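Data block below; observations after.
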There are 2 protein chains.
Amino acid sequence: MTVEFNEIAEVLKRILLQYGFNDDKASTVADLFARASLDGVNSHGINRFPFFLKTIDRGWVKVDAEPVKVGSLGAIEQWDGQLGPGNLNALFCMERTISLARIHGIGCVALRNTNHWIRAGSYGLQAVDQGMVGICFTNTKPNMVVWGGAEARTGNNPLVIAIPNKKEPLLLDMSVSLYSYGKMWEYANRGEELPFEGGLDENGDITRDPLKIIQSELSLPAGFWKGSGLSIMLDLLVSLLANGQTSSELEKDEYGNCQVFISVDLNRLVPPRDQASIIERVIKYIKDGKLMSGQKEVRYPGERTLATRKKQLKDGVEVDAKIWNQILGKVNH
Amino acid sequence: MTVEFNEIAEVLKRILLQYGFNDDKASTVADLFARASLDGVNSHGINRFPFFLKTIDRGWVKVDAEPVKVGSLGAIEQWDGQLGPGNLNALFCMERTISLARIHGIGCVALRNTNHWIRAGSYGLQAVDQGMVGICFTNTKPNMVVWGGAEARTGNNPLVIAIPNKKEPLLLDMSVSLYSYGKMWEYANRGEELPFEGGLDENGDITRDPLKIIQSELSLPAGFWKGSGLSIMLDLLVSLLANGQTSSELEKDEYGNCQVFISVDLNRLVPPRDQASIIERVIKYIKDGKLMSGQKEVRYPGERTLATRKKQLKDGVEVDAKIWNQILGKVNH
């Protein structure tokens, strides 16, 4: 089914007000969730909203908490999220990096004691909207095996790189695991194997069977040993810079994560560059070649986000009726 | 065969002096190559030295050129490498980031018109030796397919993350392709298939046959679509920040690359953190679990580098006799 963007944002806001958010914060959080769905990212849009409410009920997320600065060293700052809503903390910290980058050319904020930031790409787009390159990464609960191991001992630690571009921003928004559990369910529901090895079964054997991985909860890193190394380092970077919890400490309940945010003030770098032509050149080059067997096109990171947004603003946002009704059921009348 | 570390450094220096390097630069470059071999990274140590000399003969690398600052914006600077030796330029730029980080907490340098930096990890270790977190990445000639494509249309764009640690620095030094060609040759020489899909054959079909990939020169990104997106973004980041050439422009001859260097002054971040205990916790956690079938251990990035270094300082550096003799043959007597 489809629902108008404004209706989604309004319904979510009403529920958030019921949950004790003040008017401003309720609007902002509702907007972040609604925009994720608008951009076609329901997994981190309305599909995630019921779980977000649960994390408030459980006391992981403190509705009123605001981040507190704990350290400042020129172009880099450390903040404590006070276990406030992860999306509000992330939005705040990316905004701080933008202010820092306006002074120092580059700005960095390390954040501890925060919560799941929901759609990682939001904060990349936030930087891009102000002409900045935006980079951010987070740790998560251990939900992925390290290479060689047969237990989930590192997070899939999402990484975002966003680059401003007139036509459409470039947005890499990826977790380090090869397949998300959502994607594995899609294959499982079609009775298909994964195209590539995606995890381990309960015996620690590498498999392409999505159901076995869903059962074992042992997904493999993208690039196996390479993604494993990258995830370990991202976890260490965020926890060392923010002086906060590592993935290993999020094993039981996932709250109190660490994140790092970086902005670079691209437009003020000299000499004035023709950004558009550099980006166009790369896009043309990657799209121009012969295709891999069975593939229809080469896409750049973030391609079609704007097209999806435009279409859904006009025609309504495609949502899962069951989830939407579940959300509607939470509105007090 | 084994050769003493000092002998390697001295022989390389003599050859570099013959090639017109001044005494200081010859020492530094010789040391970088010799240390790579000392750390067990011959592929970017003495095995790469003959090709380094060729890039000088071809006029790609200007022995005398020194980097020139073209832009400065507080904590970020842009430099032009003037096509000087890639390793000297990289060493210089990482040192600049360290100076910037001592002032601003974080320092960033974007470098254009440089050359292959040889062992990427060198510059991470350089930062770590001064108590800094070091991050750097580069673009390369197109040597890897983008996901969906069947031509080499992006670089394997190596990425380094280095974290200081009393016992042994953590060092991620990875290209974005799943297998290096050196690694594929090892499997080919043993008549074995690759454990995972590593590239395309000449028809654009995904394969585990190392010889077919060596022939097609179409290696796959680590994590397929994920590594592909990451490589595209790393190429854009370095070329936009440095205002220099993208991978696509390095297709014919690989010179004039772009690189980005970042340092963070970990020790001055407040409150004083117990780095060692955070790192120990992560290392213990990843090593503690059950093992994947067929695997003997879980390793952290950079593990054993110091042990290899110590052993080879004492017992001599393990080198390929053919390559060493080829190098010895270049010394004028």
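The values are calculated or read from the model by the stated rules, or taken from the named source; none is laboratory data. Just so it is clear, the structure is predicted and the values come from calculations on it, not from any experiment. Cβ placement follows ideal geometry from the backbone for every residue including glycine, while neighbour counts extend to all protein chains displayed.
Does the stretch B:93-115 contain any residue that is at pLDDT below 95, surrounded by 18 or more Cβ atoms within 10 Å (Cβ to Cβ) and in contact with a Lys or Arg (Cβ under 9 Å, 6 or more places away or on another chain)? Spell out how you get there, then give the answer.
Taking the stretch B:93-115 first, the residues at pLDDT below 95 are none.
There is no residue in the stretch B:93-115 that is at pLDDT below 95, surrounded by 18 or more Cβ atoms within 10 Å (Cβ to Cβ) and in contact with a Lys or Arg (Cβ under 9 Å, 6 or more places away or on another chain).
Do you know which residues across the stretch B:183-194 are over 16 Å from A:Lys226 (Cα atoms), outside any loop (DSSP other than H, G, I, E, B) and not hydrophobic (A, V, I, L, M, F, W, C)?
B:Glu186, B:Tyr187, B:Asn189
Considering only the stretch B:147-161, I want to know if a residue exists there that is over 25 Å from A:Leu100 (Cα atoms) and touching a His at 6+ places or on another chain (Cβ under 8 Å).
No, that holds for no residue.
Could you please find all residues in the stretch B:255-306 being over 14 Å from A:Gly148 (Cα atoms), touching a Ser or Thr at 6+ places or on another chain (Cβ under 7 Å) and of a type in the set (A, V, I, L, M, F, W, C)?
Scanning the stretch B:255-306 gives B:Cys258, B:Phe261, B:Ile262, B:Ile278, B:Val282.
Which pairs do you get when a residue that is more than 7 Å from every other protein chain (Cβ to nearest Cβ) and surrounded by 24 or more Cβ atoms within 10 Å (Cβ to Cβ), found in the stretch B:138-155, comes within reach of a residue that is among the polar types (S, T, N, Q) and in a loop (DSSP other than H, G, I, E, B), reach meaning Cβ atoms under 7 angstrom, with the pair 6+ apart or on two chains?
B:Thr138/B:Asn157; B:Asn139/B:Asn157; B:Asn139/B:Thr246; B:Met144/B:Asn156; B:Gly155/B:Asn139; B:Gly155/B:Thr140; B:Gly155/B:Asn143
Given the criterion under 19 Å from the mean Cα position of the chain (by Cα), over 27 Å from A:Leu170 (Cα atoms) and hydroxyl-bearing (Ser, Thr, Tyr), identify the matching residue among A:Thr55, A:Thr138, A:Thr114.
Values: A:Thr138 fails: over 27 Å from A:Leu170 (Cα atoms); A:Thr114 fails: over 27 Å from A:Leu170 (Cα atoms).
From the options A:Thr55, A:Thr138, A:Thr114, the qualifying one is A:Thr55.
Is it fair to say B:Asn42 is free of Cβ contacts under 8 Å to residues at least 60 places away in the same chain, of a type outside the set (Lys, Arg) and outside the structural domain of B:Asn257 (by TED's automatic domain parsing)? It would help to see each step written out before you state the result.
Working: free of Cβ contacts under 8 Å to residues at least 60 places away in the same chain: no; of a type outside the set (Lys, Arg): yes; outside the structural domain of B:Asn257 (by TED's automatic domain parsing): yes.
No: the conditions fail for B:Asn42.
Select from the stretch A:259-281 the residues that are at pLDDT below 95, over 10 Å from B:Leu241 (Cα atoms) and of a type outside the set (Lys, Arg) and list them in ascending order.
Pass one, the stretch A:259-281, residues at pLDDT below 95: A:266-281.
Still in the list and also over 10 Å from B:Leu241 (Cα atoms): A:268, A:271-272, A:274, A:276-281.
Once the filter is applied, which keeps residues that are at pLDDT below 95, over 10 Å from B:Leu241 (Cα atoms) and of a type outside the set (Lys, Arg), the stretch A:259-281 yields A:Pro271, A:Pro272, A:Asp274, A:Ala276, A:Ser277, A:Ile278, A:Ile279, A:Glu280.
Assess whether B:Glu202 counts as being in contact (Cβ under 8 Å) with a residue 40 or more places away in the chain and of a type outside the set (Ser, Thr, Tyr). It would help to see each step written out before you state the result.
Numbers: in contact (Cβ under 8 Å) with a residue 40 or more places away in the chain: no; of a type outside the set (Ser, Thr, Tyr): yes.
No; evaluated as a whole, the condition is false for this residue.
Among strands (runs of 3 or more DSSP E) lying entirely in the stretch B:16-130, which contain 2 or more residues that are within 13 Å of chain A (Cβ to nearest Cβ) and in contact with a Ser or Thr (Cβ under 8 Å, 6 or more places away or on another chain)?
Working: elements: B:68-73, B:76-80, B:106-114.
So the answer is B:106-114.
Restricting the search to the stretch B:252-281, which residues are within 7 Å of chain A (Cβ to nearest Cβ) and without any contact (Cβ under 8 Å) to a residue 12 or more places away in the chain?
B:Val270, B:Pro271, B:Arg273, B:Ile278, B:Arg281
Go through (1) under 21 Å from B:Glu168 (Cβ atoms); (2) touching a Leu at 6+ places or on another chain (Cβ under 6 Å) for B:Gly223 and report which single condition fails.
(1)
For the stretch B:43-78, what are the residues that are surrounded by 22 or more Cβ atoms within 10 Å (Cβ to Cβ) and among the polar types (S, T, N, Q)?
B:Gln78
Restricting attention to the stretch B:236-251, which residues are in a helix (DSSP H, G or I), more than 16 Å from A:Arg268 (Cβ to Cβ), out of contact with any helix residue (DSSP H, G or I) (no Cβ under 7 Å at 6 or more places or on another chain) and in contact (Cβ under 8 Å) with a residue 24 or more places away in the chain? If you could, list the steps in order and put the result at the bottom.
Let us first name the residues in the stretch B:236-251 that are in a helix (DSSP H, G or I), namely B:236-242, B:247-250.
This time we only want the ones that are more than 16 Å from A:Arg268 (Cβ to Cβ), so: B:236-239, B:247-250.
Restricting the remaining residues to those that are out of contact with any helix residue (DSSP H, G or I) (no Cβ under 7 Å at 6 or more places or on another chain) gives B:237-238, B:249-250.
Within the stretch B:236-251, B:Leu237, B:Val238, B:Leu250 qualify.
Could you give me the residue pairs with C-beta distances under 9 Å whose first residue belongs to the stretch A:285-300 and is facing another protein chain (nearest Cβ under 7 Å) and touching a residue at least 24 places away in the same chain (Cβ under 8 Å), whose second residue is part of a loop (DSSP other than H, G, I, E, B) and of a type in the set (Val, Ile, Thr) wherever it lies, and which are 6+ apart or on separate chains?
Filtered contacts from the stretch A:285-300: A:Tyr300/B:Val146.
Counting only residues that are assigned to a strand (DSSP E or B), more than 15 Å from B:Val282 (Cα to Cα) and in contact with a Phe, Trp or Tyr (Cβ under 7 Å, 6 or more places away or on another chain), how many does the stretch B:155-172 have?
The number of residues fulfilling the criteria is 2.
So, in the stretch A:301-333, how many residues would count as being within 21 Å of the chain's Cα centre (by Cα), in a helix (DSSP H, G or I) and surrounded by 15 or more Cβ atoms within 10 Å (Cβ to Cβ)?
5
Hey, can you tell me all the residues within the stretch A:200-219 that are β-branched (Val, Ile, Thr) and in a strand (DSSP E or B)? First the steps, then the outcome.
Narrowing the stretch A:200-219 to residues β-branched (Val, Ile, Thr): A:206-207, A:213-214.
Of everything in the stretch A:200-219, those that are β-branched (Val, Ile, Thr) and in a strand (DSSP E or B) turn out to be A:Ile206, A:Thr207.
Can you tell me which residues in the stretch B:173-182 are over 17 Å from A:Leu178 (Cβ atoms) and either facing chain A (nearest Cβ under 10 Å) or part of a loop (DSSP other than H, G, I, E, B) (or both)? First the steps, then the outcome.
Taking the stretch B:173-182 as the starting set, the residues that turn out to be over 17 Å from A:Leu178 (Cβ atoms) are B:173, B:175, B:180-182.
Hits for the stretch B:173-182 are B:Asp173, B:Ser175, B:Ser180.
Scan the stretch A:308-333 for residues that are of a type in the set (Gly, Ala, Ser) and in contact (Cβ under 8 Å) with a residue 40 or more places away in the chain and jot them down. Can you show your working first?
Taking the stretch A:308-333 as the starting set, the residues that turn out to be of a type in the set (Gly, Ala, Ser) are A:316, A:321, A:329.
Hits for the stretch A:308-333 are A:Gly316, A:Ala321.
Name the residue, out of A:Val260, A:Val282, A:Val298, that is buried (at least 23 other Cβ atoms within 10 Å of the Cβ), not in a helix (DSSP H, G or I) and not assigned by TED's automatic domain parsing to the domain that holds A:Gly84.
Working: A:Val260 fails: not assigned by TED's automatic domain parsing to the domain that holds A:Gly84; A:Val282 fails: not in a helix (DSSP H, G or I).
Testing whether each residue is buried (at least 23 other Cβ atoms within 10 Å of the Cβ), not in a helix (DSSP H, G or I) and not assigned by TED's automatic domain parsing to the domain that holds A:Gly84 leaves just A:Val298.
List every residue pair whose Cβ atoms sit under 7 Å apart, with the two residues 6 or more apart in sequence or on different chains, where the first one lies in the stretch B:56-76 and is in contact (Cβ under 8 Å) with a residue 12 or more places away in the chain and the second, anywhere, is among the acidic types (Asp, Glu) and surrounded by fewer than 17 Cβ atoms within 10 Å (Cβ to Cβ).
From the stretch B:56-76, the pairs are B:Trp60/B:Asp253.
Residues in the stretch B:220-235 that are at the interface with another protein chain (Cβ under 7 Å from one of its Cβ atoms) and assigned to a helix (DSSP H, G or I): how many? Before the answer, list the steps.
At the first step, the residues of the stretch B:220-235 found to be at the interface with another protein chain (Cβ under 7 Å from one of its Cβ atoms) are B:222-224, B:226-227, B:229-230, B:232-233, B:235.
The next check asks that each one be assigned to a helix (DSSP H, G or I); those that pass are B:226-227, B:229-230, B:232-233, B:235.
Qualifying residue count for the region: 7.
Which is more than 20 Å from the chain's Cα centre (by Cα) and either at pLDDT below 95 or surrounded by fewer than 24 Cβ atoms within 10 Å (Cβ to Cβ) (or both), of A:Trp185, A:Trp225?
Result of the check over A:Trp185, A:Trp225: A:Trp225.
Of the numbered conditions (1) within 12 Å of chain A (Cβ to nearest Cβ); (2) in contact with a helix residue (DSSP H, G or I) (Cβ under 7 Å, 6 or more places away or on another chain), B:Pro158 satisfies every one except a single condition; which is it?
All conditions are met except number (2).
Based on what the data block shows, is A:Ser175 under 15 Å from the mean Cα position of the chain (by Cα) and buried (at least 19 other Cβ atoms within 10 Å of the Cβ)? Before you say what the answer is, go through the steps one by one.
Numbers: under 15 Å from the mean Cα position of the chain (by Cα): yes; buried (at least 19 other Cβ atoms within 10 Å of the Cβ): yes.
Judged against the criteria, A:Ser175 is a match.
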